[in-house]
Amino acid sequence: MVDNKTGCVTRSVLYKALALVAMAQQGKQPSDKLLENTESQELPVPTLGDLQDVVALAQRLQRSSDPTNLNLSYSEICDLDTLEINLVPEKKGIFLKHVEYQVTSKRYNSIVYRRFNDFLALHELLVARFPYRLIPKPPPKKIVGADSQFLEERRRSLLRFVTLIARHPVVGQDPICQFFFTYTGEETQHKIRDTFRRMPDEFATSDLSSRAKELVPPDTLTEFGNARDQIRVIYTGISRLKHIADCLATRSHNYASDMAELATQLTNLANEAHTTTSWATGGSTIWQEMKKGFNIISKEFGLLSSKAEQQAGREETTVCERLNLLLDLLVAHRLLCERHEKGVSEDHRRALSTMLTLKKRQMQGVIRGTDADTIEQLENRMVAQESVIASVELRNLFSLHCLHMETQLIHAHLEILATVLQSLVSVQIHGHAELSEVWKSIEPTIMKCLPEKTRTNGTS
């Protein structure tokens, strides 16, 4: 089927091959003679089925052909895995209660149970294994006073943590992550540490580490500085947006509380037990008539409270939490830049300083006429130091290559901001429409509860 001269498949040959596949699917024995018999007829079309795996393979091959281009959209990043974390009812230990989390991974089709310390062990191992990648921070540890609100905030934070880890195109594929999302035995934190604590870092195992020089262009340091400054500005802006979103959700919660309190006070008035005495205006029954409607109206305000609470929940889930996810990633980028500067860059400067010291000692020895053995020892140490410098330089370049890729990953995630704004608009439209409908339903109810004379005066 392949052209012997060009090594390629021609269009006509491809059509014939597809026709033979279709014939085989029809139960016929494919052959050239079978094709000759159908030359005057339209060739059959094969059933190709689901091509999703083929498309995914093509995308992976395209990405692997250029290791300096992430070539992933945010939707493709989300397709890498979908995580869920749910609180398991508290279990009593010998001294303290402890909380378990049910972790569900779509990629591994797994459900596992994890303690908080298991997440900390995962983070510790990943930072050691991938010092040049975006590793988000898990939430801080709290010894006492873990109320329901704290536990819910921690659950959300842990979900963001494992989501960013599982969806990382490099980190998420590592055996450490696979172990965390699939291991069903006891003592996860100890088992995962025992299994992977001696695992070398990415530089020692990556096929790209030896090619770091060709992967990093000459102006990388300038680009690194520009990208870092840009992401710092983006972080500041998104932090302000997150503050505004939090205020919106807080206002919705407060609104719900106010409506609930209004409903409670109306109910209290409706249940006021005193009978109207002669001291009232001519023994008027207006107050008694109004109390009859307060119970009905209070239920409407209770509904307003419920709708406002739902609105707050939507704002927190679709706006605040997604901004938190983006902020967690941006903070991870800042920490990565700090690790680069405090780690490999500092190692590089230290190695060069050591080499300079050795050279000075060699020159001073030659000037003073130091014996040959001492000079030779210095030269041997300099040769060994040159090897150290070369290794550190290569590691430094690999770190810069990873920073380049992680910055691309940040920009791919910035699409979250557009979806957040879209969700914000949608949530506000939906929420205000619901509240408006309830208010409209309250108006005729209130009118019915008013005395006839008041209704007439109010509409005149």
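Side notes on the structure shown:
- Top-ranked residue of the stretch 80-90 - restricted to ones that are out of contact with any His (no Cβ under 9 Å at 6 or more places or on another chain) and of a type in the set (D, E, K, R), ranked as surrounded by the fewest Cβ atoms within 10 Å (Cβ to Cβ): 84
- Hey, residue 196 touching a residue at least 40 places away in the same chain (Cβ under 8 Å), surrounded by 16 or more Cβ atoms within 10 Å (Cβ to Cβ) and hydrophobic (A, V, I, L, M, F, W, C) or not: yes
- Candidates 170, 216, 233: the one that is loosely packed, with under 15 Cβ neighbours inside 10 Å and of a type in the set (A, V, I, L, M, F, W, C) is 233.
- Cross-chain or 6+ apart pairs with Cβ under 6 Å, the stretch 266-282 first and on the phi < 0 side of the Ramachandran plot, then open to solvent by 80 Å² or more (accessible area, probe 1.4 Å) and modelled with pLDDT of 75 or more: 276/287
- Number of the exception - residue 244 against (1) within 23 Å of the chain's Cα centre (by Cα); (2) within 30 Å of residue 117 (Cα to Cα): (2)
- Being part of a helix (DSSP H, G or I), among the β-branched types (Val, Ile, Thr) and either exposed (fewer than 11 other Cβ atoms within 10 Å of the Cβ) or modelled with pLDDT of 75 or more (or both) holds for only one residue in 77, 111, and it is 77.
- Failed condition for residue 272, given (1) open to solvent by 90 Å² or more (accessible area, probe 1.4 Å); (2) among the charged types (D, E, K, R); (3) not in a helix (DSSP H, G or I): (1)
- Within the stretch 420-460, the set of residues being of a type in the set (Asp, Glu), at pLDDT 80 or above and open to solvent by 70 Å² or more (accessible area, probe 1.4 Å) comprises 437, 443.
- Taking the criterion of being within 14 Å of residue 248 (Cβ to Cβ) and buried (at least 19 other Cβ atoms within 10 Å of the Cβ), the residues of the stretch 288-313 that qualify are 308, 311, 312.
- Any hit, the stretch 145-162, residues being touching a residue at least 60 places away in the same chain (Cβ under 8 Å) and among the aromatic types (Phe, Trp, Tyr): yes
- The residues listed here are 268, 324; of these, the one that is within 24 Å of the chain's Cα centre (by Cα), modelled with pLDDT of 90 or more and among the polar types (S, T, N, Q) is 324.
- Selection status of residue 156, in a helix (DSSP H, G or I), buried (at least 21 other Cβ atoms within 10 Å of the Cβ), within 17 Å of the chain's Cα centre (by Cα) and of a type in the set (D, E, K, R): no
The values are calculated or read from the model by the stated rules, or taken from the named source; none is laboratory data. Since the structure is predicted, the reported quantities are computational estimates derived from the model, not experimental observations. Cβ atoms come from the backbone with ideal geometry, glycine included; neighbour counts cover every protein chain shown. SASA here: full protein model, heavy atoms, side chains in, ligands and nucleic acids out. Shrake-Rupley method; radii C 1.70, N 1.55, O 1.52, S 1.80 Å.
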